[in-house]
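The structure appears below as structure tokens.
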Amino acid sequence: MKASEEEIRKITFEAIEVLGANASPEAVKEAVRKKLEVESGETFTAKPGDTTSGRVILTSFGLNKPGIVAGVTKALSENNCDIQDLSQKIMGDFFTMIMIVDISASQKELKEIQTEMAKIGEELKIKIYLQHEDVFRFMHRI
Amino acid sequence: MPYEFEEILETIRMTEIEHFDIRTVTLGISLRDCHDRNLEVTKQKIYDKILRYGKNHVKFAKEVESQYGISIANKRVSLTPISIPFDAFRFEEYIEIAKILEKAAEEIEVDYIAGYSALVQKGMTNGERELIKSIPFALAETKRVCSSVNVASTKAGINMDAVLMMSDVIKLTAEKTKDKDSIGCAKLVVFANAVEDNPFVAGAFHGISEPEVVLNVGISGPGVVLDAIKEAGKVDLQQLSEVIKKTIFKITRAGELIGRKVADKNEIPFGIVDISLAPTPAEGDSIADILKAMGVEDVGAPGTTAALAMLNDAVKKAGLMASSSVGGLSGAFIPVSEDQGMISAVQAGHLSLEKLEAMTAVCSVGLDMIAIPGDTSSSTIAGVIADECAIGVINDKTTAVRIIPAYGKKVGEFVDYGGLLGKAPIMEVRTLSSEKFVGRGGKIPAPSRSLTN
């Protein structure tokens, strides 16, 4: 608890005022304790970080077959994700595709999109990874 | 595209195939304001404070994990060495504190809570003596609490009285936890030149000059380095050093990013990145395999120490370039039980305790997770600790001993803890006596290099 003695006194007087005739010592104590808990709770609860903004890199690979690009892009557009860049290669029977996707307009969080894409990956029998762009920027750009 | 195809695939390969992970995000919390002369009040203060700062630690770490696709293997807490704020307490009270630490750790779901520690390189207060005596009992009654004691430093020399005391503590800890292969000893480290911001357990503690609360991150990835060395093929050692540095540079950058994000979410300051190649029992996640890929037939072959020295140095150099917040131990760890390659080398008779000792002179820590016969005398253990301290003190580096005199077990048997702690073959220890030497007690004076002013 961070509240000073003076603050606690102030809160106690407020509680007595609000409680009026009902102000038994127990009731006051309970009210003050609740108030302090709420306040210290506010002080230490971190704000949720801005996790959904920005771009992610989608990497997918597996055995080539019809419908992979369609499956992936359809799911992305349904989630309001904007494909900003796309690079795709076939190496032998192997399909690889890398996309830079802006998910800031999506109503879903990265985690939900990841789960959804993993499901689609399973259907298409390919691997799909979504990672925040920063990790690539930090590793490969100084 | 702003990134090359190969760059993206490299990152994916590191995170998905080569076991690159953030080994630990460790929340350091100061307990210096938690003392009260009433034990119950003290316990409540400790519990409240750990919960206040730590309640979202695991949750936030998991969020960052999925956001960046890099796994964070462990979420931990380190504390002010318990003997400092609670110096007025005695034996039983310290054990009570250990129990409340366990309870808090369980509540916030961290796997280890470290800092049941004392810094006694120059001498002991009464409280420190009591804490050290309580260690076997505290470790026997808890699962998550880790303990460390610093008994030597380059500035102060080696406190041989403390070394002797610690060897008895280690023996008793082994006995107290004999039902679980003396697991207590796996959570107890004896240090020379301990660092204040080490995020790795069991030796982590929140140093006396650290802020109120801080987030330190420990990065690992032997698998990534191993594959890079294999890929490099037949190149000379200078080029090989470059390969290691480039790889480490990249994973340090990624690690710092992750650490800062977890710290931001917790709204606490970011401390340091500790880039330490720490093996796990998983296949390919081995320092021994790296040394073998560098060219020695097996760990223990002549040349092993040189290979390890080069690896350790390359890791440090790359870490320093990649981040201005490099700290902790930063280098290569060579625990035996946690590294499949080390275990095989011991079993094959290629790696002895003496060779390991030489290797610790150039690696980042020391004799780590080594099981020895349960009937090893405490004076012999004291001799081993003193040797290791001497290496640290003279070379101005951190060294540590985490040794397990496995109760009731002999050479050829195993202790098996599962998980990250792995399984250790019991190693042979010389039975030549060091009793008269260590029994003299007192202190080994600080070396001439302590006078740098």
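The values are calculated or read from the model by the stated rules, or taken from the named source; none is laboratory data. Owing to the predicted nature of the structure, the values given are computational and were not obtained by experimental measurement. Note: ideal-geometry Cβ built from the backbone for every residue, glycine included; neighbour counts use all protein chains shown. Keep in mind that these areas ignore ligands, DNA and RNA; they rest on the heavy atoms of the full protein, side chains included. Shrake-Rupley method; radii C 1.70, N 1.55, O 1.52, S 1.80 Å.
Brief remarks on what is shown
- Note on B:Val362: accessible area is roughly 40 Å² with a 1.4 Å probe, heavy atoms of protein only.
- Our helix-only sum for chain B, with -39,500 (n - 2.57) per DSSP H run of n ≥ 4 divided by its residues, gives a mean residue ellipticity at 222 nm of -14000 deg cm²/dmol.
- Against the criterion of solvent-accessible heavy-atom surface with a 1.4 angstrom probe, B:Arg32, B:Arg90, B:Arg76 sort, most first, into B:Arg32, B:Arg90, B:Arg76.
- Peptide-level mean, for B:251-260, of C-beta atoms on other protein chains within 10 Å: 3
- When the GluC sites (Glu not before Pro) in segment B:201-272 are filtered for DSSP coil states and for at most 15 other beta-carbon atoms within 10 Å of their beta-carbon, the remaining sites are B:Glu212, B:Glu267.
- Computed over protein heavy atoms with a 1.4 angstrom probe, the accessible surface ordering of A:His132, B:His350, largest first, is B:His350, A:His132.
- Sparsely packed loop sites in segment B:153-212 (the trypsin sites (Lys or Arg not before Pro) outside DSSP H, G, I, E and B with at most 11 other Cβ atoms within 10 Å) do not occur.
- Peptide B:58-68, shielding by other chains (average Cβ, 10 Å cutoff): 4
- Beta bridge orientation in chain B: antiparallel %, DSSP, nearest 5: 35
- A helix-only calculation puts chain A at -15500 deg cm²/dmol for mean residue ellipticity at 222 nm, using -39500 (n - 2.57) for each DSSP H run of at least four residues, averaged over all residues.
- Summarising the strand pairing of the protein assembly as shown, around 55 percent of its internal DSSP beta bridges are antiparallel.
- Within 10 Å of the Cβ of each residue in A:126-135, the mean number of Cβ atoms contributed by other protein chains is 5.
- Order by protection proxy (mean Cβ within 10 Å, highest first), peptides B:378-386, A:96-104: B:378-386, A:96-104
- Note: relative contact order over chain A, using C-alpha pairs below 8 Å and six or more positions apart, is 26 percent.
- Taken per residue, the accessible surface of the protein assembly as shown reaches 42 Å², heavy atoms only and a 1.4 Å probe.
- Heavy-atom accessible area ranking, 1.4 Å probe, most first, across B:Lys317, A:Lys65: B:Lys317, A:Lys65
- A straight Cα-to-Cα reach below 15 Å connects A:Lys65 with the aspartates and glutamates A:Asp93, A:Glu122, A:Glu123, residues fewer than 8 places away in its own chain not being considered.
- In degrees, nearest ten, helix A:110-124 long axis to first principal axis of chain A (Cα): 30
- Residue of A:Phe95, A:Phe13, A:Phe61 that the Gaussian network model of chain A assigns the largest fluctuation, springs spanning Cα pairs under 10 Å: A:Phe13
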